[in-house]
Amino acid sequence: MRRWFRWLLVVGGVAMGAVGLLFASLEAFYRYQLAQLPELPRMGDAPVSLPLVTRVMTAHLGGTALQVQPVLPWSLPVTRRRNAQLPDGGFTLAYAAAGEWLRRFDLPAQPTHWRRQALAVWLTRHASAEQLLAQWSSTVKLPRAAPGLGNASLSYFGRPLETLEVSEVAVLIGSALGPISFDALCRHDLAMKARNRVLHSLQRTGGLGDEEATRLMGQPVGLAPASPDEPCR
């Protein structure tokens, strides 16, 4: 009996040591990825976000209230842009904000995925949902537009962001957070699909009635024509 008890203690100790070593290795890997960045974001007070942008973004991320919960570094290898541990797409927003932050640096292409993952984890621990949304909205880059949703609104619709309708905001957010990159001014078909995904999210979360959602999904995207200086290819 004593021999079995000692054996169990040894096995348990080895297992706990292995788990501790794994967690320590993941923490070191996380810190190493962050150390490769020229600098980390400085998250100040978040400016007031446009209610419609917040509403559409929240629905697109899967919820009715935008939340960000801190992610632990040891979950880095299994963290995904959408994670059930993070209600209402909090990590998706952090991942998007991390990607826009990394755009400003000339980093090697190969390890960028892990750096973005690490930075997204860091952002969930140091920024609120409002701060992340404000940072992403001001820096996101869509084709044929200067950075920021405001500039994209002027390039795509010829109007300031605060004057857009819900379906137009859905075009911008659906295109910016879509699974593929495309030139919405030339690919109206893809822009419509991206918009309708967002409108469907609004419908599913109660932000749009069924009749209104159906009507908006059937409308053309209403984008301005591509610039003659940059014709469609």
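The values are calculated or read from the model by the stated rules, or taken from the named source; none is laboratory data. Quick caveat, the model's predicted, so the values are computed rather than measured. Cβ: placed from backbone, ideal geometry, glycine included. Neighbour counts: every protein chain shown. SASA here: full protein model, heavy atoms, side chains in, ligands and nucleic acids out. Shrake-Rupley method; radii C 1.70, N 1.55, O 1.52, S 1.80 Å.
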Quiz item: Per 5 Å bin from zero, what fraction in whole % of the C-alpha pairs of the range 91-233 is there, up to the bin with the longest pair?
Solution: 2, 10, 17, 19, 19, 16, 10, 5, 1, 0
Quiz item: From the phi of every residue in the range 223-229, what ³J(HN,Hα) in whole Hz does the Karplus formula 6.51 cos²θ - 1.76 cosθ + 1.60 yield, where θ is phi - 60° and glycine or proline is x?
Solution: 7, 5, x, 4, 5, x, 6
Quiz item: If you add up the charges near Met217, with Lys and Arg at +1 and Asp and Glu at -1, over every other residue whose beta carbon is less than 12 angstrom from its beta carbon, what do you get?
Solution: +1
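Keeping all protein chains in place, calculate the accessible area per residue for the range 106-233 (probe 1.4 angstrom), answer in Å².
On the way: 6260 Å² over 128 residues.
Per residue, the range 106-233 has 49 Å² of solvent-accessible surface.
If we sort 26-33, 209-216, 226-233, 113-120 on the protection proxy, mean other Cβ atoms within 10 Å, highest first, what's the order?
With the highest mean Cβ count within 10 Å placed first, the list reads 113-120, 26-33, 209-216, 226-233.
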Practice problem: Can you work out the PRE-style zone for Leu102? Point 7 Å along Cα to Cβ, and I want the residues of the range 123-144 with backbone N under 13 Å. | Solution: 123
